[in-house]
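Any read-out appearing in this document is the output of simple, stated calculations on the displayed coordinates, not a laboratory observation. Remember, predicted model here, so these are calculated numbers, not experimental data. FYI the Cβ positions are ideal-geometry reconstructions off the backbone, even for glycines, and counts take in every protein chain you see.
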Amino acid sequence: MRNLIILFLIFIIPTKALGLIEVDITRGNLNPLPIAVSPLSIDDESKKSFEKTLKKKDIGSEISKVIEKNLKTSGLFNPLDKNAFLQAPDIAHLKPRFEDWNLIKAQALITGKVKNVDDKLRVEFRLWDVLAGKEMMALAFTTVPNNWRRVGHIITDKVYERLTGEKGYFDTRIIYVAEEGPKTKRIKKLAIMDQDGANNKFLTLGNELVLTPRFNPTSQMVTYLSYFRNLPRVYLLDIETGIQEVVGDFPGMTFAPRFSPDGKKIIMSFAKDGNSDIYTMDLENRIVEKITNHPSIDTSPSYSPDGKFICFNSDRSGYQQIYVMKSDGSNVKRISFGNGLYGTPVWSPRGDLIAFTKLHKGKFYIGVMRTDGSGERLLTENFYQEAPSWSPNGRVLIFYRETKTDDKGEGFSAKLWSIDLTGYNERLVDTPTDASDPSWSSLLSN
Amino acid sequence: MKKLVLRNIDQGALMKLNKILKNTFLVLFACLVLSACATSKKSTGQMQGDVYTGTDTVEYLASGVPDRVFFATNESVLTTASRETLRKQAAWLRKNSDITIVLEGHADERGTREYNLALGERRANAAKDYLMTYGISSNRISVLSYGKERPVDSGSNPLAWSKNRRSVTVKAN
């Protein structure tokens, strides 16, 4: 996928950051920024040719819808109703009449133009500050027409970055476990989709139980747990080629895999004789190292983004708690001390926080704490939820939630949800089937 | 002044009486609650502490040889009843020396997936260790954890969870 996209930055106009609009993402945003996303204009000839190849009537308008939905789900922006727009897309793109956009209370405006150039999709867009009456950004891309949704995501990432000062997370994908069937006999498949739910694809057939897929942060590889031949083992899957291989040669169950930040190692648990310890395997030289050595359960390991530390889950104190150690296994320190049980620690890509699942008095919470365990903050409470995964910019968490069944044991469902680090903007993430164990990819393009 | 003192004494006595009454009530109340618990336990007859003691889900490897043992929340300790079941299994396995088994360890849905995988493995191994002390060779036993992936009862209540915290002995050949 990454190789497919051909990105040509045609022109970038450097913009001054003086007194222009900004979006503060460090607090819960109760006043999302009103933004107008004008349909990208398109000439008749290009329109017709893309209608033929992409089966979309007006690809310019479709791309603007992708941008609009992204901005809305971020919770930071309020895309305005297109029916209220006074200016035609092509004229607005050349020179917006700021009074018109001001009138409908837009503070920012996105305009653009789509053209067929040698059967490629050429898209240019501009971001305007309506109040200051200034252009903030202008970019153009040329790519294969099939990548049109990604163009929408990349534009959203650029706009998000320009207005918040932080990288976006829209040109990304989610790998997860698609679930079907009764609770006692769930059928599970690996599935992948764009961050906005589009392009859903199943990667396994459901013949064997699969769990906990996780992206390699540097490539399109995935590691996951499969019960192939009733032997629960950690596997490696190349999404592009579909080639799978078992990781290491362990005489027992391996589980809870994750990649190291450089993508060169897999860290996981290996269970033997009633004891689970943490191991790593180098994917190049296949050298296996034992990282923890303790008669308790040690699992759910996750590296810090600099690769120097590992947080993990252990019941060595008697109950499930979160610990941090150096990546060689030394200096083990317990960091969770609140009431209840703590599991599934995941280090933020920004390095400053650890997200976790907490069980206390029959309720499950998704929360975050600093890497020394201080500043614990619970973001959401529910009957059952766990397994948070960070967006690549460390601003959003995706996790899964299961419902309580009724007296007859019916009504079970599992769904993906996302929430901002602030605790605001909790959202159901649409999937074609029930879903669990989500993992967020890195940005596909930078 | 004297009157006051007297009154104080009276009040003290009254308070004592009150306390005694209160305590008796408390004891009485506790008895009632306990007996209520005892009867409710008996009426369902299915849990002791939070370990499942019923037979709803139990299958039999042979006549009189139950196939599974149950665990308390977050525990992998074998109860007296579990040990009795496993001794029966060991006796049966000794008699049928060609049979090999898989011990499938399970957890309830009230835990994180990865921890539950480890917990299921720990439970199945508790059963394996016990069978081995009763003379069953380790190469006849393999262990497989399902964590919370294969509940027998789809309910979201303590009784359902108690049935799901189990190690099941399955014939492998």
> When A:I154, B:I99 are ordered from fewest to most other Cβ atoms inside 10 Å of their Cβ, what list results?
Replying inline: B:I99, A:I154
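Calculate, in nm to one decimal, what A:L205 and A:K134 gain on full extension: separation in residues at 0.36 nm each, minus their alpha carbon distance.
Result for the pair: 20.3 nm of gain on full extension.
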>> Using the Cα centre of the protein assembly as shown as the reference point, and only Cβ charges (+1 on K/R, -1 on D/E), how large is the resulting charge dipole? Debye, rounded to the nearest 20.
In response: 1860 debye
>> Per residue of the stretch A:200-207, what does 6.51 cos²θ - 1.76 cosθ + 1.60 with θ = phi - 60° give for ³J(HN,Hα)? Whole Hz please, x for Gly and Pro, Karplus curve as stated.
In response: 5, 8, 8, 9, 10, 8, x, 5
>> I need the calculated FRET efficiency for the pair A:K72 and A:K264, taking r as the beta carbon distance and R₀ as 30 Å, to the nearest 0.05.
In response: 0.20
>> Sequence gap at least 6, Cα distance under 8 Å: using those rules, report the relative contact order of chain A to the nearest whole percent.
In response: 11 percent
> Let a ≥ b ≥ c be the square roots of the eigenvalues of the Cα gyration tensor of the stretch A:174-440; is it rounded (a/c under 1.5), or, if not, prolate (a/b larger than b/c) or oblate?
Replying inline: rounded
>> Along each principal axis of its Cα atoms, how long is the stretch A:277-408 end to end? Whole angstroms, biggest number first, please.
In response: 52, 36, 30
> Residue by residue through the stretch A:348-356, which ³J(HN,Hα) values in whole Hz follow from phi under the Karplus form 6.51 cos²θ - 1.76 cosθ + 1.60 (θ = phi - 60°), with glycine and proline marked x?
Replying inline: 5, x, 7, x, 8, 9, 10, 8, 8
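Dividing the Cα radius of gyration by the Kirkwood radius, what Rg/Rh value follows for the protein assembly as shown?
Expressed as Rg/Rh, it is 1.09.
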> Where does each of A:I67, A:I155 land when they are ranked from fewest to most other beta-carbon atoms within 10 angstrom?
Replying inline: A:I67, A:I155
>> Whole angstrom only: what separates the Cα centroid of the stretch B:120-173 from the Cα centroid of the stretch A:116-173?
In response: 54 Å
> Which cross-chain or sequence-distant (5 or more) residues have an amide H under 5 Å from the amide H of A:L283, H modelled 1.01 Å from N in plane?
Replying inline: A:K265, A:I266
> So, in nm, how far is label B:A91 from label A:S445 when the simple model puts each one 7 Å beyond its Cα toward the Cβ?
Replying inline: 7.3 nm
>> Among B:L61, A:I154, A:V346, whose Cα projects farthest towards the positive end of the dipole of the protein assembly as shown, with charges put on the beta-carbon of Lys, Arg (+1) and Asp, Glu (-1)?
In response: B:L61
>> With 11 Å as the cut-off, how large is the P(r) tail for the stretch A:353-399, expressed as percent of Cα-Cα pairs?
In response: 64 percent
> So what's the back-of-envelope 222 nm ellipticity for the protein assembly as shown, counting only DSSP H runs of four-plus at -39500 (n - 2.57) apiece and dividing by all residues, rounded to 500?
Replying inline: -7500 deg cm²/dmol
>> Taking 8 Å as the Cα distance limit and 6 or more residues as the minimum spacing, I'd like the relative contact order of the stretch A:272-383 as a percentage.
In response: 16 percent
> Along the three principal axes, how long is the stretch B:51-171 when you take its alpha carbons, biggest first, rounded to the nearest angstrom?
Replying inline: 40, 26, 22
>> Kirkwood hydrodynamic radius, computed over distinct alpha-carbon pairs, for the stretch A:33-164: how many Å, to one decimal?
In response: 14.6 Å
